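**Q** One structure, pasted below without further comment.
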Amino acid sequence: MTLPLGPDGTEGGSSSGGSVYGLRGEGSPELFQVYEPSEGAELAPARESSVGTIGAEEVLKVEDLTVGFPTDDGLVRAVRGVSYTLHEREVLGIVGESGSGKSVSSMAVMGLLPKSARITGNISFRGRNILSMSRQEQRSLRGRKIAMIFQDPMTAMNPVYTIGFQLAEAVLSHEVMPKKAALARAEEMLNLVGIPQPKARLNSYPHEFSGGMRQRAMIAMAVINNPDVIIADEPTTALDVTVQAQILEKLIEVKDAFNAAIVLITHDLGVVAGMAHRTLVMYAGRPVELGTTEDVFYHPRMPYTAGLLGSIPSAGDTGRLRPITGAPPSLINLPTGCPFSPRCPLATDLCRTDEPELRPTDAIDHSAACHHWEQLAAAPDATAFFRTESEARR
Ligand SMILES: Nc1ncnc2c1ncn2[C@@H]1O[C@H](COP(=O)(O)OP(=O)(O)O)[C@@H](O)[C@H]1O
Ligand code: SF4
Ligand SMILES: [Mg+2]
């Protein structure tokens with residue numbers, strides 16, 4: 001259920017070999033396949049029993065964020081107008097092919113972009129604009145109130161220090177307390193994320209942990225300062241499918257324990273299907289669809305989303321995928337009009353001249369950037385637009 005590789009060939013390649021899972025019911029979680037695209041199949045949308053309820057208050061608000069990178073070949077327009085709000089305890093899924101601007105937009109929130117990046121827009125945390133805060137205020141917010149989980153925990157961990165030392169440092173960089181107390185908190189966190197013998201494991205080095213264990217330690221490090229927001233960027237992409245499910249389950253458990261909200265970034269639709277309350281789909285640096293996860297999956301209003309859904313193997317298929325043909329556009333030389341038009345079976349002359357804005361569609365809080373979303377609304381199966389004629393006749 002992974003998306004195709006991006007033009008740079010990175011990411012997306014670690015096939016999960018199947019679906020990723022949500023959690024069903026209460027008590028000990030049972031794994032189940034969340035997306036069955038065959039007709040009448042049940043999608044398991046994010047449920048209260050798995051991801052909890054959303055609070056009313058906004059914690060993070062991103063408004064019209066743009067990020068450009070000047071290069072010798074021209075300006076790479078990596079993020080072109082991303083806006084979203086994240087409410088308390090909410091899980092917002094951000095999905096898109098490799099290179100669509102998912103990581104760059106979250107690095108902007110975390111203040112982790114290189115100095116050369118040109119950033120415009122507003123990013124506010126509980127009503128305060130982060131971009132206009134002093135460096136010191138930003139530092140205290142990031143890592144404490146807003147924490148990040150990376151795809152590769154080794155990016156955030158130092159190989160020469162023990163896990164315990166690094167967890168304790170994460171606490172001590174934001175809070176004054178005896179080192180012993182910080183280590184005790186570190187042990188508590190390792191226990192919370194399901195690392196056996198946490199006290200002994202404080203003395204382990206990152207390379208002594210398996211990939212799954214390292215990702216658990218990364219989650220521990222992210223929540224150790226009780227954040228309000230966790231940004232998880234492809235947190236399970238490098239892991240095998242069983243471990244992925246366990247880590248996602250742990251992430252939700254931990255989020256509930258800390259009442260945190262999550263931005264869950266992934267190229268894997270299955271991950272958001274089971275976990276996110278709302279889903280934002282990105283294409284060529286822009287949000288192209290935003291709605292409840294159920295609306296986006298069951299009633300896509302943007303052909304790109306429909307194409308992604310159609311490229312997931314269905315139970316009745318003989319294993320044949322219906323991928324979206326072509327590749328995402330160059331972010332230096334974007335085509336005029338809708339950036340998806342060269343790949344879109346519904347494209348018209350209007351699409352090739354005017355880039356559509358993200359606008360409301362036929363459902364409350366469901367918006368799409370497409371001139372012809374009504375055509376998808378009128379079709380019994382939106383993914384059928386991506387089948388070849390001979391396949392459609394079968
Ligand atoms: N420092 C940089 N300089 C130039 N281009 C960059 C830089 N960082 C990212 N990009 C480009 O920005 C685009 C978006 O990248 P990214 O947000 O990492 O995509 P993804 O959706 O896969 O997370 C890509 O085309 C990437 O090559
Ligand atoms: S605007 Fe046109 S080209 Fe773009 S997704 Fe909609 S139909 Fe396709
Ligand atoms: Mg990325």
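**Q** Considering each of GLY212, GLY164 in turn, give the residue that is more than 16 Å from ligand 1 (Cβ to nearest atom), at pLDDT 95 or above, assigned to a helix (DSSP H, G or I) and over 28 Å from SER124 (Cα atoms).
**A** Details: GLY212 fails: at pLDDT 95 or above.
None of the others qualify; the one that does is GLY164.
**Q** Return the residues of the stretch 80-108 that are over 19 Å from GLY68 (Cα atoms) and among the aliphatic types (A, V, I, L, M); say none if nothing qualifies.
**A** Hits for the stretch 80-108 are LEU86, VAL91, LEU92, ILE94, VAL95.
**Q** Among the residues of the stretch 99-113, how many are without any contact (Cβ under 8 Å) to a residue 40 or more places away in the chain and touching a helix residue (DSSP H, G or I) at 6+ places or on another chain (Cβ under 9 Å)?
**A** 2
**Q** Among GLY212, GLY274, which is small (Gly, Ala, Ser), farther than 24 Å from GLU58 by Cβ and touching a helix residue (DSSP H, G or I) at 6+ places or on another chain (Cβ under 6 Å)?
**A** GLY212
**Q** Away from ligand 1 (no atom under 16 Å from the Cβ), of a type in the set (Asp, Glu), modelled with pLDDT of 95 or more and assigned to a helix (DSSP H, G or I): which single residue out of GLU374, GLU391 fits that description? Working first, answer last.
**A** Details: GLU391 fails: modelled with pLDDT of 95 or more.
Just a single option satisfies the conditions, and that option is GLU374.
**Q** Are there any strands (runs of 3 or more DSSP E) wholly within the stretch 71-127 with 1 or more residues that are within 16 Å of ligand 3 (Cβ to nearest atom), and if so which? Let's see the steps before the verdict.
**A** Working: elements: 74-87, 91-95, 118-125.
In the stretch 71-127, the matching strands (runs of 3 or more DSSP E) lie at 74-87, 91-95.
**Q** Could you look through the stretch 240-260, keep only residues that are within 16 Å of ALA147 (Cβ to Cβ) and aliphatic (A, V, I, L, M), and pick out the one that is farthest from the chain's Cα centre (by Cα)?
**A** Residue satisfying both the conditions and the ranking: ALA257.
**Q** Going by the conditions given, is LYS145 away from ligand 2 (no atom under 16 Å from the Cβ), basic (Lys, Arg), modelled with pLDDT of 90 or more and over 12 Å from VAL229 (Cα atoms)?
**A** On the way: away from ligand 2 (no atom under 16 Å from the Cβ): yes; basic (Lys, Arg): yes; modelled with pLDDT of 90 or more: yes; over 12 Å from VAL229 (Cα atoms): no.
Criteria not met by LYS145.
**Q** While we're here: Only one of these is assigned by TED's automatic domain parsing to the domain that holds PRO380, at pLDDT 95 or above and either within 20 Å of SER100 (Cβ to Cβ) or out of contact with any Pro (no Cβ under 8 Å at 6 or more places or on another chain) (or both): THR348, THR325, THR318. Name it. I'd like the intermediate steps shown before the answer.
**A** Working: THR325 fails: at pLDDT 95 or above; THR318 fails: at pLDDT 95 or above.
On inspection, the qualifying residue turns out to be THR348.
**Q** May I pose another question? Only one residue in ARG139, ARG201, ARG216, ARG185 is more than 16 Å from ligand 2 (Cβ to nearest atom), among the basic types (Lys, Arg) and in the same structural domain as ALA238 (by TED's automatic domain parsing). Which one? Please lay out each step first, then the result.
**A** Numbers: ARG201 fails: in the same structural domain as ALA238 (by TED's automatic domain parsing); ARG216 fails: in the same structural domain as ALA238 (by TED's automatic domain parsing); ARG185 fails: in the same structural domain as ALA238 (by TED's automatic domain parsing).
Being more than 16 Å from ligand 2 (Cβ to nearest atom), among the basic types (Lys, Arg) and in the same structural domain as ALA238 (by TED's automatic domain parsing) holds for just one of ARG139, ARG201, ARG216, ARG185, which is ARG139.
**Q** Moving to a separate point now. Hey, could you check the stretch 256-271 for residues that are touching a strand residue (DSSP E or B) at 6+ places or on another chain (Cβ under 8 Å) and modelled with pLDDT of 90 or more and say which is farthest from ligand 1 (Cβ to nearest atom)?
**A** Checked the stretch 256-271; the qualifying residue farthest from ligand 1 (Cβ to nearest atom) is ALA260.
**Q** Same structure again: Regarding the stretch 228-242, can at least one residue be identified that is out of contact with any Gly (no Cβ under 9 Å at 6 or more places or on another chain) and more than 25 Å from GLU97 (Cα to Cα)?
**A** Yes, the conditions are met somewhere in the stretch 228-242.
**Q** Any residue that is within 22 Å of SER311 (Cα to Cα), in contact with a His (Cβ under 8 Å, 6 or more places away or on another chain) and of a type outside the set (Val, Ile, Thr) - is there at least one of those in the stretch 258-268?
**A** Looking through the stretch 258-268, none of the residues is within 22 Å of SER311 (Cα to Cα), in contact with a His (Cβ under 8 Å, 6 or more places away or on another chain) and of a type outside the set (Val, Ile, Thr).
**Q** Can you go through VAL263, VAL296, VAL281 and tell me which one is under 17 Å from the mean Cα position of the chain (by Cα), under 30 Å from ALA56 (Cβ atoms) and more than 16 Å from ligand 2 (Cβ to nearest atom)?
**A** Numbers: VAL296 fails: more than 16 Å from ligand 2 (Cβ to nearest atom); VAL281 fails: more than 16 Å from ligand 2 (Cβ to nearest atom).
Of VAL263, VAL296, VAL281, the one residue that is under 17 Å from the mean Cα position of the chain (by Cα), under 30 Å from ALA56 (Cβ atoms) and more than 16 Å from ligand 2 (Cβ to nearest atom) is VAL263.
The values are calculated or read from the model by the stated rules, or taken from the named source; none is laboratory data. Computed from a predicted structure; not experimentally measured. When we count neighbours, we look across all protein chains shown, and the Cβ atoms used for this are built from the backbone with ideal geometry, even at glycine.
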